[in-house]
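Engineer: Below is one structure. I have some questions about it.
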Amino acid sequence: MIIYNVTINVDESIHHDWVKWMQNKHINEVLATGLFTHAKMVKVLVEEEMGGTTYAVQYFTDSKTKLENYYQNHAPKLRQEGLQLFGDKMLAFRTELEVLEEFYSAEN
């Protein structure tokens, strides 16, 4: 399993609109590409020196090939909308993670 992780620091001036856009539009559009099985949106609980609120959105896929397809055929268009709506009021960086193994508590 591959996780495409996007971490975004969001300025307070756009925070409400950005969260709404992510939850109601952007994440659904990424999933609609058919290249990811599901996504998680989490809030980072560390206070940032630069201010704002930081989130991580994790998109799960079963292959690096599908992620490359996303980069080549979908990412530029989907990223552009965020830039047009929110410009420099959000700062994003992206990482790719490979799940090697999952562990669970004995109680579960």
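Engineer: Would you check which residues across the stretch 1-55 are in a loop (DSSP other than H, G, I, E, B) and among the hydroxyl-bearing types (Ser, Thr, Tyr) and list them?
Structural biologist: SER13, THR33, THR37 - these are the residues of the stretch 1-55 that are in a loop (DSSP other than H, G, I, E, B) and among the hydroxyl-bearing types (Ser, Thr, Tyr).
Engineer: Do you know which of the residues in the stretch 49-82 that are more than 29 Å from LEU100 (Cβ to Cβ) and in contact with a strand residue (DSSP E or B) (Cβ under 6 Å, 6 or more places away or on another chain) is surrounded by the most Cβ atoms within 10 Å (Cβ to Cβ)?
Structural biologist: Restricting to residues being more than 29 Å from LEU100 (Cβ to Cβ) and in contact with a strand residue (DSSP E or B) (Cβ under 6 Å, 6 or more places away or on another chain), the top hit is GLY52.
Engineer: Quick check on my filter: what residues within the stretch 57-108 are more than 15 Å from the chain's Cα centre (by Cα), under 15 Å from MET22 (Cβ atoms) and either assigned to a loop (DSSP other than H, G, I, E, B) or of a type in the set (D, E, K, R) (or both)?
Structural biologist: Answer for the stretch 57-108, where residues must be more than 15 Å from the chain's Cα centre (by Cα), under 15 Å from MET22 (Cβ atoms) and either assigned to a loop (DSSP other than H, G, I, E, B) or of a type in the set (D, E, K, R) (or both): just LYS89.
Engineer: Looking at the stretch 35-48 only, could you name the residues that are loosely packed, with under 11 Cβ neighbours inside 10 Å and closer than 15 Å to ILE2 by Cβ?
Structural biologist: Passing the criteria: only HIS38.
Engineer: Out of all the residues in the stretch 31-48, which are among the β-branched types (Val, Ile, Thr) and either at positive phi or touching a strand residue (DSSP E or B) at 6+ places or on another chain (Cβ under 6 Å) (or both)?
Structural biologist: Step one: filter the stretch 31-48 for residues among the β-branched types (Val, Ile, Thr), giving 33, 37, 42, 44, 46.
Passing the criteria: THR37, VAL42, VAL44.
None of the figures in this text is laboratory data; all of them are computed from the coordinates on show. Here the structure is a predicted model, which means the values were calculated and not measured. Note: ideal-geometry Cβ built from the backbone for every residue, glycine included; neighbour counts use all protein chains shown.
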